1. Any idea how many residues of the range B:273-282 are under 20 Å from residue A:41 (Cα atoms) and either more than 8 Å from chain A (Cβ to nearest Cβ) or buried (at least 22 other Cβ atoms within 10 Å of the Cβ) (or both)?
2. Those residues that are farther than 12 Å from residue C:188 by Cα, modelled with pLDDT of 95 or more and in a loop (DSSP other than H, G, I, E, B), I need them from the range A:177-196; list them, please.
3. Taking residue B:239, is it within 11 Å of another protein chain (Cβ to nearest Cβ) and touching a residue at least 12 places away in the same chain (Cβ under 8 Å)?
4. Take the range A:204-216 and flag every residue that is over 17 Å from residue D:167 (Cα atoms) and crowded, with 23+ Cβ neighbours inside 10 Å.
5. Only one of (1) in contact with a helix residue (DSSP H, G or I) (Cβ under 6 Å, 6 or more places away or on another chain); (2) not assigned by TED's automatic domain parsing to the domain that holds residue D:236 is not met by residue D:324, so which one is it?
6. Only one residue in C:201, C:191 is touching a residue at least 12 places away in the same chain (Cβ under 8 Å) and over 30 Å from residue D:267 (Cα atoms). Which one?
7. Test of understanding: among A:147, A:153, which residue is part of a helix (DSSP H, G or I), over 13 Å from the mean Cα position of the chain (by Cα) and within 19 Å of residue A:207 (Cβ to Cβ)?
8. Please verify whether the range B:152-165 includes one or more residues that are within 14 Å of another protein chain (Cβ to nearest Cβ) and touching a residue at least 40 places away in the same chain (Cβ under 8 Å).
């Protein structure tokens, strides 16, 4: 028996993103996690059991295989779809697309991840950019970690009338830690085979008028991306003006080399020190003391925690599709307070949300 | 104002070990964390502030430097020493030794870490091996992560009269994640320059009668050690006999490749999935399905989470020195229940502690 | 037109091993490299063209594809088989087995690599152990890099009547440099899922009476393996006795930490400094100043350059199968002088071969 | 006894750069390597002995220490300075500056490396940019690997009147392979603490009128840098125009992903396959099939083999300072033919130098 006024949420795919969305849904006062669907039979899904999350078989025919492996399976995804309002599809790239028809038939609103194409739902979502346009839609796609970081940083400059064009170089992590015992790269850097890389055009699915080009490479590490940007501005500004704009923008946080936060691993450590679940960072972390303004140009670098940055966006997308909260800023406020998304890593919690978005 | 019946604890050095011991002390019903002392001025100590842990200057002359860097400093280590019963010294190797006299003068019992020499306190501590011999002592030394893993696994076999000799090869992590932006190794393996390596003799500081030899190398990863052991037994046994001995031993947990736990990174992911603080694993994790018995020989491999494995031992050492709990098994039970040290990663919590130690 | 008194050699598979064997064949006074067969169309095979090595299509149907990619293809493997005495099959694991019938039909003697099973040819080859038993056979299998290192070091101790049993832990490289932009491991160690690992039993295909058990793990580096061994001896010996045995053994070289050769990468650098082709090390390099004797036990560690160590063995196998040199020591002498396999990395060349094998 | 018409060269510092310059000097028909000076006592200097290169003590007081370690030392650097025309100082950063006075007193022309400041010699050298301005000078500084790559690629576009401004992101290797058993970074990326990074301004020491800004980070690999560039052009051009300019430029080579050269490690492997000493690449390798033109913008990425790229420049600098060859293009032709610097990795050697520079 669930409270009728809570949004009933299902997650399909209890992997890197799915398990984090599950955690986040459980922290929201207006949502109920009804269950997760998967086909795994190993420690990953056994952890869901351990955390008392009801597990369903994502492919009905696999249910016996899962049970034989010792997984307590409550039912199939078809059962689960009949119980929920929204499904978050966090299955591997391209699997989501194949699932869409099933969700539609069940009358369940659907949120896909950035591995799917924009054309799947014709709507790509970043809360701070276009929450309102997702209100009441049947489906949306939360863009990838890299695109989310790009939109979060470029949007406020665009809104301030400053952004002429943006050129970015993205140094990506090669693979996620959980699967780094196979499929990784070693002692090398792998440039993407095309310039522009797909992230720039992808940001235009959220903000069509952006003049943005990206180039990307995979480097030999497993956690978080580092983005470098060269922006051409419409007018000369002071460095402090840019800092102020970023400071007012939700889900961006400044970090400083002078605080000992000198590299990607430093921030990963800080997140653990702050007691965050899984050591996650949902914010894009901009190096304040590296950011530089030079005439009409702005240069900066920030860190994208690829496993986690889209989690708050996904939570907002749930509210947007179901229409329970009409105002994007209000949804973001609820999400961020309950997840403990911060505005500053070192200011006490009770002061974090004083600033008006 | 602190309850008189709680043990008042100070930690000197809020680094990799110190911050974890701080977390653990705060979780114990019979301990109070009075404060931490350090000389850092960066994000590491600012996190302690953020978590409302009182910060003291470990070197009185540095207090202004810390304040100028924005750290709220309550006082100096001398102030702190006057307020506590026990100090856990988690300063870098060899710094601890120099501090001992100060602690002694202040009449504060002291726990050192494995980086210090056995001769410093003439007592080296692993809870399951020699808790009782530390009762009421002024000081002890909690042995290193590698030695702790070694003692936890060899002791029960020794107690069962099975162990003739043990030969181990230790594949160590090269550096800790927080400092992996400098001082690491890359794309290589570095053998220790001496055989036997120091870990074998170090285990003998806890159990003098062990016949143990170790060899060690650093490999190109940052988290957790992998130990391989070849044991010669006094009699032929069944594989199941060995499993049963390990199953009954606290702070050892079995993991299985067949559960998808196939490498060091898998277990690191599992710890995060289980919601553990900092993703820590306090248990030594033995691969159940790799362990093999061949006549008089036993082969096995286990994982040592070097940043965390000594934390429960340190908590027990606090009780042993202060003498508040006379029985080692009882102290271990309290520690493990409050830290949530597990006997099995997949069994529900309420069943974890049913087994008698 | 080729000299009739030279052995006509073909290589199938111009990859990590094949290209090195090609280099080595070209350096032998008694061998002619007639051509290499492959199906690659990329830089790897274009390099063979660049070095004026005739290229043949390993799968006749692929010949057009190769030509279209710009590779000058002289003919198919069938053409090549009609021109040679011996084929070295350096194709990927299990492909070799499927080729054997073709070689047999063509009346060409065949050498397979360690990826194939012993049962394929019923003979597994390490020159110093069993050259003579391969004389005149139709086929043999040069054992893997790890097994070659194992046999080279254990055989002389076995011959001296010293070896009772050998227990090894092998820290393997995860993937080869050329393919480390995919398929590698990152920031982890991966234990093999079975103990004993296959290398111990594999050494018994060469020396059946060895009492040898191995355990193995992949670590996060791309070049060379590190082996640790614990040997139980039949009698107490002096450390110098062991050194002397190894010193007299071909294809073993001592290195010293005190010479700055402190890790796997040091030796890789030294090989480049010595001007070796591809920076290869054909010798197993034993750390002299780490090797230790303790009563009836011997401990030592050595480095196996996995890409190259089997190359001299393969050259010897060519002579053994064709029967052109009856004495293994003589074949090894020819191979080693022409490849510049060394007895000591720092002694001038003209003194290297003074020692009698 | 040396031919009077050869330039007598000494190298101070037989490390990563020094040993490569030594190799290169020995290959030049118009140069004699008289000796190398160093203070090392380990395998690095023993390799020089092994290669019959006379070794001198770089610090006279260290001569006994070197001899005691088994190094054959011919004399001190003072002896060596009296025998040579030019010294190449390849000592660690900042050590070179301290040596300059000694070289000047000895009347020996001096070449420093990019670790020294421009102000040391007031001349920074890249052969294709400013050979002639170094003619007859007492000293110059060959710029760093990154700056050399930058100048080689931007100069021809500048000369063609196309370059308006250049913005680069440099993904650097963290440490060199020989020292990667200490001092490296692991599983992280380390952004430089300042934007602009020093490489952009450093290129202006060679070509003052360049409008160039760089940002840089160290990634977790040991070999070669990857540069990404965004160039604003003075006019719209066709992609082929750019390719043609680069094709005509010496010491630039195109590589293609479609040839299997997909990442930094691929090219490292190719160099070994081509039989190059130490697997070195002296050319900057531009990915032809990634380079892209978009209106007034040009994007491209290339690889800089940091250990080797400055070697041909250093050889040219020797000729420039001594004035034996007046024409930079002629010096580059001699250097490149003798080192086998290529214009195309797959075209046969005899066709490589047909193109007029």
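1. Selection size over the range B:273-282: 1.
2. A:185, A:187, A:188, A:189, A:192, A:193, A:194, A:195, A:196
3. no
4. Correct list: A:206 only.
5. Answer for residue D:324: the failing condition is (1).
6. Just one listed residue meets the conditions, C:191.
7. Just one listed residue meets the conditions, A:153.
8. yes
The values are calculated or read from the model by the stated rules, or taken from the named source; none is laboratory data. Everything numeric in this text was worked out from a predicted model, so none of it was measured. Note that each Cβ is placed from the backbone with ideal geometry, even for glycine, and that neighbours are counted across all protein chains shown.
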